[in-house]
Amino acid sequence: MSGHSKWSKIKHQKGAADAKRSNIFTKHAKAITVAAKNGKDPEMNSNLRQAIDAARAVNMPKSNIDKAILRGAGELPGQELVEETYEGYGPHGVALIIETITDNKNRTVSFVKQILNKYGGSLGGPNSTAFMFDKKGVIRIESADEEAQLKAIDAGAEDVVEEEDGLTIYTSPQDLEKVKEALGQFAVDFADTDMIPQNKADLDDSGKATLEKMLTELEENDDITNVYSNADL
């Protein structure tokens with residue numbers, strides 16, 4: 001897993017200082033609003049359910065979540081939001097996928113170009129880096145119980161990795177909800193789709209520090225929802 005997966009971001013956001021919470025909540029509200037365009041019932045809209053779960057994981061207030069849902073459903077006023085994904089390269093040729101939700105595409109792409117250029121990277125065209133990643137469902141649970149592993153595999157999990165603090169379960173995107181539900185009594189910390197690099201790029205300590213600075217600058221922007229890299233962080 002790269003150091004900037006959705007799961008690692010959720011863990012970081014849980015401990016974020018109050019000063020950063022407005023930025024974090026803004027990002028989650030945008031994701032919920034966009035997802036709710038396809039229906040405001042999370043039981044019928046898996047993307048909305050995943051966006052709500054991610055917002056709850058960082059303790060976003062229910063009132064904020066409800067407002068974002070209504071805004072996406074067109075029941076509250078708000079600016080039109082669109083999703084845009086950019087591909088490119090960072091320092092040392094590290095491959096990047098940058099997901100955004102914005103009300104101004106020109107502003108957002110200009111910012112992305114500026115930051116990539118600042119760190120010696122460049123913006124690429126469609127599929128310039130996407131082919132280096134696989135879209136997977138990722139589930140994290142605290143338990144490493146053998147029963148949980150068997151339930152996940154029986155439900156269609158592609159891989160189950162035992163770690164110090166639990167299990168990371170990989171699925172196809174379409175099997176994510178089915179595997180999550182099959183886990184039953186086992187508490188799920190995280191369940192969402194993620195972009196997993198096929199191969200990791202090794203960097204020395206200086207390269208990692210430079211890349212981390214660039215990723216931090218990108219992720220501090222309200223328009224940028226996820227940044228994936230193939231660096232081994």
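The values are calculated or read from the model by the stated rules, or taken from the named source; none is laboratory data. Nothing here was measured: the structure is a model prediction, and the numbers come from that model. In this analysis, Cβ positions are derived from the backbone assuming ideal geometry, glycine residues included, and neighbour counts consider all displayed protein chains.
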Out of segment 169-185, which residues are crowded, with 17+ Cβ neighbours inside 10 Å and among the small types (Gly, Ala, Ser)? 182
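Conditions (1) without any contact (Cβ under 8 Å) to a residue 12 or more places away in the chain; (2) among the small types (Gly, Ala, Ser), marked per residue:
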residue: 146; (1), (2): yes, no
residue: 156; (1), (2): no, yes
residue: 175; (1), (2): no, no
residue: 195; (1), (2): no, no
residue: 200; (1), (2): no, no
residue: 215; (1), (2): no, no
residue: 221; (1), (2): no, no
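Table: residues versus (1) at pLDDT below 90; (2) in a strand (DSSP E or B); (3) not aromatic (Phe, Trp, Tyr).
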{"site": "139", "(1), (2), (3)": "no, yes, yes"}
{"site": "150", "(1), (2), (3)": "no, no, yes"}
{"site": "175", "(1), (2), (3)": "no, no, yes"}
{"site": "180", "(1), (2), (3)": "no, no, yes"}
{"site": "184", "(1), (2), (3)": "yes, no, yes"}
{"site": "209", "(1), (2), (3)": "no, no, yes"}
List pairs: first residue in segment 57-68 and within 14 Å of residue 36 (Cα to Cα), second residue assigned to a loop (DSSP other than H, G, I, E, B) and not hydroxyl-bearing (Ser, Thr, Tyr) anywhere in the structure, Cβ distance under 7 angstrom, at least six positions apart or on different chains. 67/76
Within segment 210-224, identify whether any single residue is at positive phi and either in the same structural domain as residue 51 (by TED's automatic domain parsing) or not hydrophobic (A, V, I, L, M, F, W, C) (or both), and answer yes or no. no
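Can you find even one residue in segment 60-79 that is within 28 Å of residue 129 (Cα to Cα), of a type in the set (A, V, I, L, M) and modelled with pLDDT of 90 or more? So that I can check it myself, show each step before the final result.
To start, the set of residues in segment 60-79 that are within 28 Å of residue 129 (Cα to Cα) comprises none.
The answer is no, given that none of the residues of segment 60-79 is within 28 Å of residue 129 (Cα to Cα), of a type in the set (A, V, I, L, M) and modelled with pLDDT of 90 or more.
If I go through segment 211-232 residue by residue, how many of them are outside any loop (DSSP other than H, G, I, E, B), out of contact with any strand residue (DSSP E or B) (no Cβ under 8 Å at 6 or more places or on another chain) and surrounded by fewer than 21 Cβ atoms within 10 Å (Cβ to Cβ)? If you could, list the steps in order and put the result at the bottom.
Keep residues of segment 211-232 that are outside any loop (DSSP other than H, G, I, E, B), which gives 211-219, 224-229, 231.
Still in the list and also out of contact with any strand residue (DSSP E or B) (no Cβ under 8 Å at 6 or more places or on another chain): 212-214, 216-217.
Now restrict to residues that are surrounded by fewer than 21 Cβ atoms within 10 Å (Cβ to Cβ): 212-213, 216-217.
So the answer is 4.
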Any chance segment 99-118 includes a residue that's modelled with pLDDT under 95, farther than 18 Å from residue 47 by Cα, touching a helix residue (DSSP H, G or I) at 6+ places or on another chain (Cβ under 7 Å) and aliphatic (A, V, I, L, M)? no
Among the residues of segment 118-135, is any polar (S, T, N, Q), assigned to a strand (DSSP E or B) and surrounded by fewer than 19 Cβ atoms within 10 Å (Cβ to Cβ)? yes
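Surrounded by 18 or more Cβ atoms within 10 Å (Cβ to Cβ) and either assigned to a helix (DSSP H, G or I) or over 14 Å from the mean Cα position of the chain (by Cα) (or both): does that describe residue 77? Break it down stepwise before answering.
Working: surrounded by 18 or more Cβ atoms within 10 Å (Cβ to Cβ): no; either assigned to a helix (DSSP H, G or I) or over 14 Å from the mean Cα position of the chain (by Cα) (or both): yes.
Taking the combined requirement at face value, the residue does not satisfy it.
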